[in-house]
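Below you'll find the structure, written out as C-alpha cells, and then a few comments.
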Amino acid sequence: MASAFSPIDGGSATSPGGFSAAAAHAGLKADGALDVALLVSATSCATAGAFTKNALRAAPVIYDAEMLADRPGRTRAVAMNARVANACTGAAGLEAARAMARAAEEAAGLPPHTALVLSTGVIGVPLPVEKVARGLREAAAKLSPTGGADAARAIMTTDTRPKHCAVRLETPTGPIIIGGMAKGAGMIHPDMATLLGVLTTDAVSEPGTLRPFWKRVVDRTFNAISVDGDTSTNDTALFLANGHAGIDPSRDGATWKLFEEAVTEVARTLALAIVEDGEGATKRLEIQIVGAQTEAHAREVGRAIARSTLVKTAIYGGDPNWGRVLAAAGVAGVSLIAERISLQAGTSNGWLTLASGGATALADPAQARAIFEQKAIRLRLDLGLGRAEAVVWTCDLSPDYVRINSDYTS
C-alpha cells in the first residue's frame, strides 16, 4: 500500500506555502560562512516548542518559552545565529535575546513580539547584537521561498552538512506540506528537544492542539537520540503552522493520524541525520527496547544504553561486548528482572541472540563480530515485562570526538 505522504526533493523549512527564509554572514564565523538566518511566515503561526531541561537554560530558551506561554498563536519569524550560544550570559544575555528578536521584527517589517530566537555555539560568550542585527537585515532583504537550505547551513557549528527535508501529505481536501531543518552534532542527549530544530507546515492548527501533538512527536524523534550524553543549554525544537493550505487535519481522525505520521517522518529524518553526523561518528546504532511496562520505561532503558561510553566505544571497535549493553540497561532507573531479559543483534536474515535469560546465549563469536563491524547496527532488548516499546538511536564514540571537543573554543 502506497504511503499517503512522499518526500520532496531538496525540501526544507520553506517548502510549505507561506514561508520564506534567507541567510547571511554576520562575522560570527571566521571563515566567511553563513552564520545568521531568518525564517518568516506570511501569516501568524500557531507554534509549539520543546526546550532543554538543563537547569542553566540559555537566554534564547528563556525568551522563547516566555513568548510561547504568552503568545503561542502570533509567531511570524524565527531568527537564528551560530557560533555564539548566548548561554550563561546573565541579564545582559536575556536583553541581547530580546534585542535580536526586535532586530528580526524590524528587518522583516513585522509587528513587535512576533519573532522567536535560536542561538548555538560557544557557551559564556556575549552575543554581538550589532553584528547579528546587521546580518538579519541582510537576510531580510533577500527572503525567498527557496531560502530554507541556506538557513539550515547558517546554523551549522561542528555539523559537516546541513540538515533539512520536507514531505507532501495528500489529504481528501488537498495537499499539506511539512518541512524542517535542524542542526546538531555534539552535546546531544536532549530532554524535550534536540540542539536546534524548526519544523513548519502550511496546515491549519491551534496552539492548544499543537502542544500535546508536538510533545508526542518530539518524544519519539528528537528526544530519542544521543550522541555523547550531554544535554545542551540551548536545546530547542519548534513547530510552526501558518494555515496557508487552508486544511485543518485535526477535523478528521484518519487525516490527523496521517498528519502525525508525516510530521514524525520529517522529525525522525532530521534526528537521524544528527546521529549520523555526530562528532567523529563512524557508525549508527539503533536500539529497540521491547517488552517494557510503559513506553517511558522503554525509552529510559534505551537512552541509558545510548549514553554509555562503554557501549559506544565497543560499537566503534566492532566489539560484540553485549555485557556492556545489559549493564547500561541496569542503571536506567527502571526495575528489571534479569531472568526475563534477552538481547539480539540484527542480521540481514533476522536476529542473532546474544543473551537469553540475562545470561550468554553462546552466539557464534565471528558472526557477532561481523554484525558489530557494520556501519548500521541494530540491537533489540526484550525486557520481558510488558508490551510497550520504544526506539532510541545513537552513534559510536571515536578518537575524533575527543579531537573535535578538545579545542572547540579555538
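Descriptive notes on the structure:
- LYS163 passes every criterion in (1) within 24 Å of the chain's Cα centre (by Cα); (2) at positive phi apart from (2).
- Matching residues in segment 130-166 - criterion: being among the aliphatic types (A, V, I, L, M), closer than 25 Å to GLU106 by Cβ and either surrounded by 23 or more Cβ atoms within 10 Å (Cβ to Cβ) or in contact with a Ser or Thr (Cβ under 8 Å, 6 or more places away or on another chain) (or both): VAL132, LEU136, ALA139, ALA140, LEU143, ALA151, ALA152, ALA154, ILE155
- Pick from segment 72-95, criterion modelled with pLDDT of 95 or more and charged (D, E, K, R), ranking: nearest to the chain's Cα centre (by Cα): ARG76
- Qualifying position, being modelled with pLDDT of 95 or more, under 24 Å from ALA97 (Cβ atoms) and in contact with a Gly (Cβ under 7 Å, 6 or more places away or on another chain), among GLY147, GLY180, GLY135: GLY180
- Checked against the criterion of being touching a His at 6+ places or on another chain (Cβ under 9 Å) and either at negative phi or buried (at least 19 other Cβ atoms within 10 Å of the Cβ) (or both), segment 310-327 has no qualifying residue.
- Residues in segment 237-292 that are within 26 Å of GLY350 (Cβ to Cβ) and among the basic types (Lys, Arg): ARG268, LYS283, ARG284.
- None of GLU300, GLU279, GLU260 is free of Cβ contacts under 8 Å to residues at least 60 places away in the same chain and more than 23 Å from ARG380 (Cβ to Cβ) except GLU260.
The values are calculated or read from the model by the stated rules, or taken from the named source; none is laboratory data. Everything numeric in this text was worked out from a predicted model, so none of it was measured. In this analysis, Cβ positions are derived from the backbone assuming ideal geometry, glycine residues included, and neighbour counts consider all displayed protein chains.
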